[in-house]
Amino acid sequence: MKKIFALLLTAAVIVSCNNNPPVSASASAPDTFVFTVTQSTKLTRLPALQSFVFARDSVTGCWLMFSGRTNGFHNFPAAADSSFPVAHANHFAYVYNPALDTLYSMNVSNLPAPLNVQYTFTNLESFQQGNNLYVCGGYGSNNFTNDSNNFVTANIISRINVNAMVTSIIAQNTSGFAASVVFDPKPHPVVCSTGGELYRLPGGKFYLCVGHRYYHFYNPNGLNFPLQQYLDSVHVFTLTETPTSISLDSSSISYISDNQPDATTQFRRRDLVVSPQVLGNGDSIGIAIYAGVFTQAGNPFTNPIYIPGYNGAAYAIDTFNQQSNYYSAPHFQLYDSTADRMYTTVFGGIGSNPSFAGDNAAFTMQIVTLNRDFKAHTTSAIYNPSEMPNFVGAEGIFIRANTAPAYHGNGYDIADIRAIPANQGVLVGYIFGGIVSNAPESTTNSCNPTAPSNVVYEVRMYKSGATK
């Protein structure tokens, strides 16, 4: 490790624009750092899930998980069949206690309709703020059958009392479980999305960032409008809330977009990393929309979109070209208030250098940090010297550890790099779930089956010359 850090302290930031990405971090940053990822030997009794919803209960310390899939990466079956068979939809809400390594579960059929169906879907959007978890969208079968006409994108938004749901599942209290959720009974097209991400910025508005809608089997014969519709925008709205109800305020709805046609818009994205950002000088919070798939030509997007944009603009598009880790994957945010830099690290997922094209996607073990430098007005890619232990990460999550002190609370999970001790390996978080592959090749190859992961990986950060 000493040799690695000697390299880091003399290497310059290099924008990832060649076919052989750099394997060093920035010397000009006040702190240099690398990550190591190792399988946990203590956190072992979790379900195998991907594309699920996650929340953490601050009262009990337990993890809450529901929805998603219990199989690996989708394929495109030759027959007119679903790439998301209902047999592998997850019908359980799980509570995991990491302090005791114990797992509890309850079938979501105990929830009121339509949540008892929606919460079995895949790729729902969610955002946790304190004890409230907001959930919308998702894709799946509305009657649990492999009937193409019953595969839909949900248009319901709900709010979960996380502690109430967690304690109800542990106690096997079905009535308390059902009462822990409230929802707007009126369907809303504005929350009809899958594969996007949901955030609530400090002003109180929700931002449903990109994604798409699907109304059929997901297969090669159904990829075009009207069966598939990209949002091509960020949907902005507010909720009217009481302790026992929520309703979407229709008069509050607005849209952020470049207003370009589907063939040329930068907002035609889904299944991607969307992360909170501390904006310049650390005085406000915004959103970064990274990479994502697909352009109408079938290629990944490479230019980040920032919400809010620069100088009060509704959005800004970066000229930086992201060359790897395009797909939804665990990501960890750090802010450096001295250097005025925002670091977003993506662990694995899909998309190696050189960039992939279309659905011939390559799983990757790369770990890349996207370094947004507000003083220099530049963005660069920092590639970690070591990689993930396996081809894992796609549709998994990152869980920040308490040993990575938060720079900003309210659900944004941005760590304060200045508060992380130097010269030692600090546990900054965990990676859980997602798709694990045996090789980088396309998953349509029957020689490379994939599966959901039930493994927890510990992520340690070594900052500024630390030794192991």
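The values are calculated or read from the model by the stated rules, or taken from the named source; none is laboratory data. The structure presented is a predicted model; accordingly, all values stated were derived computationally and were not measured. Please note: Cβ atoms are built from the backbone with ideal geometry, for glycine as well, and neighbour counts cover all protein chains shown. Remember, those area values only see protein heavy atoms, side chains included, never the ligands or the DNA or RNA. Shrake-Rupley method; radii C 1.70, N 1.55, O 1.52, S 1.80 Å.
Taking the condition part of a helix (DSSP H, G or I), at pLDDT 95 or above and surrounded by fewer than 21 Cβ atoms within 10 Å (Cβ to Cβ), does N155 pass?
Details: part of a helix (DSSP H, G or I): no; at pLDDT 95 or above: yes; surrounded by fewer than 21 Cβ atoms within 10 Å (Cβ to Cβ): yes.
No; evaluated as a whole, the condition is false for this residue.
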Residues that are more than 30 Å from H408 (Cα to Cα) and in a strand (DSSP E or B): does the range 106-123 have at least one? yes
Tally, over the range 394-437, of residues that are within 23 Å of Q366 (Cα to Cα) and charged (D, E, K, R): 3
Of all residues being open to solvent by 30 Å² or more (accessible area, probe 1.4 Å) and under 21 Å from the mean Cα position of the chain (by Cα) in the range 162-204, which is modelled with the highest pLDDT? Just the residue, please. E197
For residues that are small (G, A, S) and touching a strand residue (DSSP E or B) at 6+ places or on another chain (Cβ under 6 Å), scanning just the range 156-192, find the one that is nearest to T60 (Cα to Cα). S180
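How many residues does the range 136-161 contain that are in contact (Cβ under 8 Å) with a residue 60 or more places away in the chain and farther than 14 Å from F183 by Cα? Please lay out each step first, then the result.
Narrowing the range 136-161 to residues in contact (Cβ under 8 Å) with a residue 60 or more places away in the chain: 136-139, 146, 148-149, 151-153, 157-160.
Next, only the ones that are farther than 14 Å from F183 by Cα stay: 138-139, 146, 148-149, 151-153.
The qualifying residues number 8.
Is it the case, given these coordinates, that A439 is at pLDDT below 90, part of a loop (DSSP other than H, G, I, E, B) and surrounded by 19 or more Cβ atoms within 10 Å (Cβ to Cβ)? Steps first, please.
On the way: at pLDDT below 90: yes; part of a loop (DSSP other than H, G, I, E, B): yes; surrounded by 19 or more Cβ atoms within 10 Å (Cβ to Cβ): no.
Against the criterion (at pLDDT below 90, part of a loop (DSSP other than H, G, I, E, B) and surrounded by 19 or more Cβ atoms within 10 Å (Cβ to Cβ)), A439 does not qualify.
Let's see how each residue does on (1) touching a Leu at 6+ places or on another chain (Cβ under 9 Å); (2) at pLDDT below 95; (3) of a type in the set (S, T, N, Q); (4) surrounded by fewer than 23 Cβ atoms within 10 Å (Cβ to Cβ):
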{"residue": "T265", "(1), (2), (3), (4)": "no, no, yes, yes"}
{"residue": "L272", "(1), (2), (3), (4)": "no, no, no, no"}
{"residue": "G280", "(1), (2), (3), (4)": "no, yes, no, yes"}
{"residue": "V293", "(1), (2), (3), (4)": "yes, yes, no, no"}
{"residue": "Q296", "(1), (2), (3), (4)": "no, yes, yes, yes"}
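If you check A361, A376, A357, which single one turns out to be part of a loop (DSSP other than H, G, I, E, B), at pLDDT below 90 and surrounded by fewer than 23 Cβ atoms within 10 Å (Cβ to Cβ)? Walk me through how you get there before you give the answer.
Values: A361 fails: surrounded by fewer than 23 Cβ atoms within 10 Å (Cβ to Cβ); A376 fails: at pLDDT below 90.
Result: A357 is the single residue among A361, A376, A357 that is part of a loop (DSSP other than H, G, I, E, B), at pLDDT below 90 and surrounded by fewer than 23 Cβ atoms within 10 Å (Cβ to Cβ).
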Odd one out for F127, checked against (1) assigned to a strand (DSSP E or B); (2) under 30 Å from T41 (Cβ atoms): (2)
Evaluation of N146 against (1) part of a loop (DSSP other than H, G, I, E, B); (2) touching a strand residue (DSSP E or B) at 6+ places or on another chain (Cβ under 9 Å); (3) farther than 19 Å from Y255 by Cβ (one fails), failing number: (2)
Does Q333 qualify as being assigned to a loop (DSSP other than H, G, I, E, B) and either surrounded by 24 or more Cβ atoms within 10 Å (Cβ to Cβ) or at pLDDT 90 or above (or both)? no
The range 407-428, residues that are assigned to a strand (DSSP E or B) and either open to solvent by 50 Å² or more (accessible area, probe 1.4 Å) or on the phi > 0 side of the Ramachandran plot (or both): Y407, H408
